[in-house]
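Below is one structure; the comments refer to it alone.
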Amino acid sequence: IILADVTNYMNQILRETRYFLMKSNNEDNVELSKSRSVWSTPPANEAKINQAVKETRNVILIFSVKESGQFSGFARVVGTSSKDGEQIPWVLPPGLSNRTLGSTFNLDWISKYDA
């Protein structure tokens, strides 16, 4: 990778960008997201992210696992959410089902490293 290419890529991502912090209940869901390049969130969050995708050039999701105190990576949202993708086996807290989640966003992971 050429440093100039990385710098140009990062400059484009940082310009006209909205950011959202995604706090996952567990690390399993973040790992599923990284391996399948998708994310699902409750409908209220889904609507905000979809609106941001329509209004700005880039939408970045910053991931952390609740109460971990750690950064888990960040990804660019590729487009608005869709119900057309595969069913993801998210690990949800007791009493919740996949029906509590909205549709799925496709992601382009920029950093998959924990810090």
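The values are calculated or read from the model by the stated rules, or taken from the named source; none is laboratory data. What you are looking at is a predicted structure, and each value in this text was computed from that prediction instead of being measured. Positions of Cβ are backbone-derived with ideal geometry, glycine not excepted, and every protein chain shown enters the neighbour counts. Please note that ligands, DNA and RNA were not included when accessible areas were found on the heavy atoms of the full protein model with its side chains. Shrake-Rupley method; radii C 1.70, N 1.55, O 1.52, S 1.80 Å.
Quick notes on this structure:
- Positions within segment 1-46 being among the aromatic types (Phe, Trp, Tyr) and either touching a strand residue (DSSP E or B) at 6+ places or on another chain (Cβ under 6 Å) or on the phi > 0 side of the Ramachandran plot (or both), in sequence order: Tyr19, Phe20, Trp39
- Within segment 1-56, the set of residues being among the small types (Gly, Ala, Ser) and within 19 Å of Pro93 (Cα to Cα) comprises Ser24, Ser33, Ser40, Ala44.
- Subset of segment 1-28 that is aromatic (Phe, Trp, Tyr) and part of a strand (DSSP E or B) - its residue that is least open to solvent (accessible area, probe 1.4 Å): Phe20
- Among residues of segment 73-115 being in contact (Cβ under 8 Å) with a residue 60 or more places away in the chain and of a type in the set (S, T, N, Q), the one that is farthest from Val38 (Cα to Cα) is Ser103.
- Boolean, Ser33 is within 10 Å of the chain's Cα centre (by Cα) and of a type outside the set (A, V, I, L, M): yes
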